[in-house]
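The values are calculated or read from the model by the stated rules, or taken from the named source; none is laboratory data. Being a predicted model, the structure only gives us computed values, none of them experimental. As a convention, Cβ positions derive from the backbone with ideal geometry for all residues, glycine included, and neighbour counts pool all protein chains shown. Each accessible area value is taken on the protein alone, full model and side chains, heavy atoms only, with ligands, DNA and RNA left out. Shrake-Rupley method; radii C 1.70, N 1.55, O 1.52, S 1.80 Å.
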Amino acid sequence: MINCHDFRGKGTVFLLVIYLALSYCCNFEYDPISSGYMKKIKMLEDYILADYQVDMPKLISEKNEDQNCLHLLMLFRGKHMLANLRPGPKLKEIIKDILNELNFLEDCPFMIPPSCPNERVNLSNVLQNISGSLASLQPNILNNFSHCLHIKCATVSSSDHGDHAKQSSGERNHYVVTILSLTVIAIAASFIIWKACNT
């Protein structure tokens with residue numbers, strides 16, 4: 001038999017845990033950046049054409065004054081780009097090794113806004129930027145980067161106002177869906193607690 005008084009107290013904690021779990025956070029308790037990333041990136045640079053073009057999401061940080069945020073966003077964009085390449089077997093293994101170096105970004109729930117456009121960039125330049133960002137971020141890697149998770153699509157040109165309007169609408173829809181999802185989770189948790197208290 002469940003003690004309803006005790007469970008209600010635990011229920012409050014349970015809802016608080018759900019809220020905290022869904023909150024944005026980005027921090028590391030240890031240095032996840034290995035000493036071998038430069039070698040792996042150099043291997044890929046040796047295999048690709050100097051002018052090889054790729055697509056990357058056109059994102060900017062809302063914390064442009066924080067260099068750590070800029071480096072973290074560069075790594076996220078680079079990881080996203082590499083993960084969406086369709087290389088041959090040999091390059092696939094090299095890219096996989098680089099992605100493993102960037103796996104620590106999984107602890108930082110960046111979210112690309114809906115309808116955010118891509119931009120064409122030089123892969124060699126991206127790889128150099130990834131290497132530079134890892135080197136710059138490593139001395140500060142134990143900092144809390146949660147404030148860096150606020151990102152947005154880069155400003156579009158005046159000729160793209162129509163697309164920008166669609167993008168803004170898409171972002172609003174995305175936030176509405178997120179809020180509704182959180183509400184459903186809270187209601188479901190409350191129902192579980194109520195049912196347990198009445199059995």
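Within segment 97-147, being closer than 16 Å to LYS42 by Cβ, open to solvent by 50 Å² or more (accessible area, probe 1.4 Å) and among the charged types (D, E, K, R) holds for one residue alone: ASP97. Would you be able to say whether some residue in segment 3-12 is in contact with a strand residue (DSSP E or B) (Cβ under 8 Å, 6 or more places away or on another chain), open to solvent by 60 Å² or more (accessible area, probe 1.4 Å) and at pLDDT below 95? Scanning segment 3-12 turns up no residue that is in contact with a strand residue (DSSP E or B) (Cβ under 8 Å, 6 or more places away or on another chain), open to solvent by 60 Å² or more (accessible area, probe 1.4 Å) and at pLDDT below 95. Taken as a whole, the structure leaves GLU93 outside the set of residues that are within 21 Å of LEU137 (Cα to Cα) and at pLDDT below 95. Close contacts from segment 133-150, counting a first residue that is in a helix (DSSP H, G or I) and a second that is of a type in the set (Ser, Thr, Tyr), with Cβ to Cβ under 7 Å and a gap of 6+ residues or different chains, come to LEU134/TYR37; SER146/TYR24; CYS148/SER61; LEU149/TYR24. If only residues of segment 22-50 that are open to solvent by less than 50 Å² (accessible area, probe 1.4 Å) and not in a loop (DSSP other than H, G, I, E, B) are counted, the one that is farthest from PHE145 (Cα to Cα) is LEU44.
Within segment 51-93, being outside any helix (DSSP H, G or I), open to solvent by 80 Å² or more (accessible area, probe 1.4 Å) and of a type outside the set (Lys, Arg) holds for ASP51, TYR52, GLU62, ASN64, GLU65, ASN84.
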